[in-house]
Every structure is written in C-alpha cells, then in structure tokens.
1. For the range 179-218: of the residues being part of a loop (DSSP other than H, G, I, E, B) and within 44 Å of the chain's Cα centre (by Cα), which is surrounded by the most Cβ atoms within 10 Å (Cβ to Cβ)?
2. Restrict the check to the range 159-169 and report whether at least one residue is in contact with a helix residue (DSSP H, G or I) (Cβ under 9 Å, 6 or more places away or on another chain) and more than 27 Å from G194 (Cβ to Cβ).
3. On the given criteria, is L133 closer than 16 Å to L219 by Cα and either touching a Lys or Arg at 6+ places or on another chain (Cβ under 7 Å) or in contact (Cβ under 8 Å) with a residue 40 or more places away in the chain (or both)?
4. Considering only residues that are among the hydroxyl-bearing types (S, T, Y) and outside any loop (DSSP other than H, G, I, E, B), look in the range 1-20 and name the one that is nearest to the chain's Cα centre (by Cα).
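The values are calculated or read from the model by the stated rules, or taken from the named source; none is laboratory data. Treat the numbers as computed from the prediction; the structure is a model and nothing was measured. Methodologically, a virtual Cβ is constructed for each residue, glycine included, from the backbone with ideal geometry; neighbour enumeration extends over all protein chains shown.
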Amino acid sequence: MALVACGECGKSVSTLAASCPNCGAPVTTTPVAATESAVATPASAAPKKASTLLAVAFGVLVLVGLLVHESSSTAPSPEENTTPAAVDPPAPTVVDSPASAAATVPEPVAPVVTHNWSYHDDGESQYGYEQALSEDDRRAGKAVEPMVMVRYVGQIDGQYRLEVIEGPSNKTIITCKDNCEVVKTTSSFNGYLGRSETLRVAPSSIISAVLQDMFAGQLDPVIKPQKSAPVAPTPVDAPAQSEAVTL
C-alpha cells in the first residue's frame, strides 16, 4: 500500500481508498514522494528568484548612482559665479581746454634743404659747392676736396653771368642764356680775359648744380635788377572858367 496526496485538501490518502476520508475527493495514484518533490521545487527556486531580484535591484542602484554623479559633474557648482560679468562703463570723453591744447602743439619741423650749395659767405656773396673725391684721391688717403666758390653776378644783356672764384685775382666767368644747356667759360686774371670754351653742361657736374640753384632762386645776384620808377600821372588842365558878362 502506498500513500498519495489528496488533490483537493493535500492530506495523505491510501492508494487503496476510493476517496479522501477528509474531503471526499476521489483518490489519485500520484505518490506522496512525487507530490512532496513537486511541492518542494518552488521552495528551492525561491532563493534563486530572490537573488535575481537582489542583483537587479543592485544594478538599478548602480545605474541611478552613475546618473546622479554625471548630472552633478555637469551642473554648475554653487561656488561658480553664475551672474553676468560686470561691464565697465565707457570712459568719459575729455575735451582739452585751450591751455592744454596749446601745450600739446607739435614742435616745428626743420625746413627741408632745397639747395645744392653747402656754404654761404654772405659778405662776399659766394656759395660753396663740395666736390666728389676721385678714386686716385681716395687711394692717396685724401678725405675732402676744397669747395668750389661761386658768385652769381646776375642777368646782363639777356645772359646769366656766374663767376667761379679760384684765387684773389683768378676767376672763371660763365655765361649762358635761355635754359643754359650750353655755357661759355672764359678765364680771367687780374682783369685780363683769357681763353674761352663752349661746353655742354653735364647733369652731375658742379656747374649743373649751380644752375639748378640759380633757376630755383637759391642764389642772390650781386647786381640786383633795377625796378622802374613809377610814372607820375600827367596832370589835366581844368577848363577855363567863363567870365561873367555884366549888362
């Protein structure tokens, strides 16, 4: 004889009984051991389900912690200044007073040299022009050449006249007209005229520099141009008054 569990009330019933003496339900032939093992199976699976739930809960907690940490790292901290930076007001425009404006007047600029001469002897009306050193002079250790002293006499009979002073009694007279592309040179010694030559003016010569200054008004002539005296107006005779006729 074997014992089986009642399908209704679960009590042990003999397999020989036709019905459960407890509840009257028909008796099945399922052994008690099989029933107990079937009943015991959910009980053994319960710890596994509980551990699974704990693992899921732990994973959820870890995920929530990561999200909280990420949000806290991206959010501005209370220590940071979230207010907009203060903008300094524009500086007021300072209007210079007349006194300060006068104090800031720039210094006068030195005039630009517009002449070729390097020295002016006002007493002798002479202008000095520096000569360039030749290669032979440089090899000989010569530092400078003596200046060429020139006097501008003026314009006489439609010709410009210049004098190159070579000594107390020696000079070379230079005359030209129009644009002075060609000049005539005549040597003079103690008032006696010597040899004359007609030369074309070289662009880089001393004579070319002298003529440039002459035409630019940088040389004062010895003979000043005479100004014509103003003509006095001719007086006009007043008409004669008619004599009164006495009747």
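1. Step one: list which residues in the range 179-218 are part of a loop (DSSP other than H, G, I, E, B), which gives 179-181, 190-191, 201-205, 216-218.
With the extra rule that they be within 44 Å of the chain's Cα centre (by Cα), the set shrinks to 203-205, 216-218.
On the way: P203: 7, S204: 7, S205: 12, A216: 11, G217: 9, Q218: 17.
Here the answer is Q218.
2. Initial filter on the range 159-169 (in contact with a helix residue (DSSP H, G or I) (Cβ under 9 Å, 6 or more places away or on another chain)): 160, 162, 164.
Checking the rest, the ones that are also more than 27 Å from G194 (Cβ to Cβ) come to none.
Within the range 159-169 (the criterion being in contact with a helix residue (DSSP H, G or I) (Cβ under 9 Å, 6 or more places away or on another chain) and more than 27 Å from G194 (Cβ to Cβ)), the answer is no, since none of the residues qualifies.
3. Numbers: closer than 16 Å to L219 by Cα: no; either touching a Lys or Arg at 6+ places or on another chain (Cβ under 7 Å) or in contact (Cβ under 8 Å) with a residue 40 or more places away in the chain (or both): yes.
So L133 does not fit the description; no.
4. Step one: of the range 1-20, the residues among the hydroxyl-bearing types (S, T, Y) are 12, 14-15, 19.
From what's left, outside any loop (DSSP other than H, G, I, E, B): 12, 14, 19.
Details: S12: 109, S14: 114, S19: 114 Å.
Per the criteria, the residue is S12.
Each row is one residue, and each column tells you yes or no for (1) of a type in the set (D, E, K, R); (2) at pLDDT below 90; (3) in a strand (DSSP E or B).
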{"position": "E124", "(1), (2), (3)": "yes, yes, no"}
{"position": "G128", "(1), (2), (3)": "no, no, yes"}
{"position": "A132", "(1), (2), (3)": "no, yes, no"}
{"position": "D137", "(1), (2), (3)": "yes, yes, no"}
{"position": "K142", "(1), (2), (3)": "yes, yes, no"}
{"position": "Y160", "(1), (2), (3)": "no, no, yes"}
{"position": "E163", "(1), (2), (3)": "yes, no, yes"}
{"position": "P168", "(1), (2), (3)": "no, yes, no"}
{"position": "K171", "(1), (2), (3)": "yes, no, yes"}
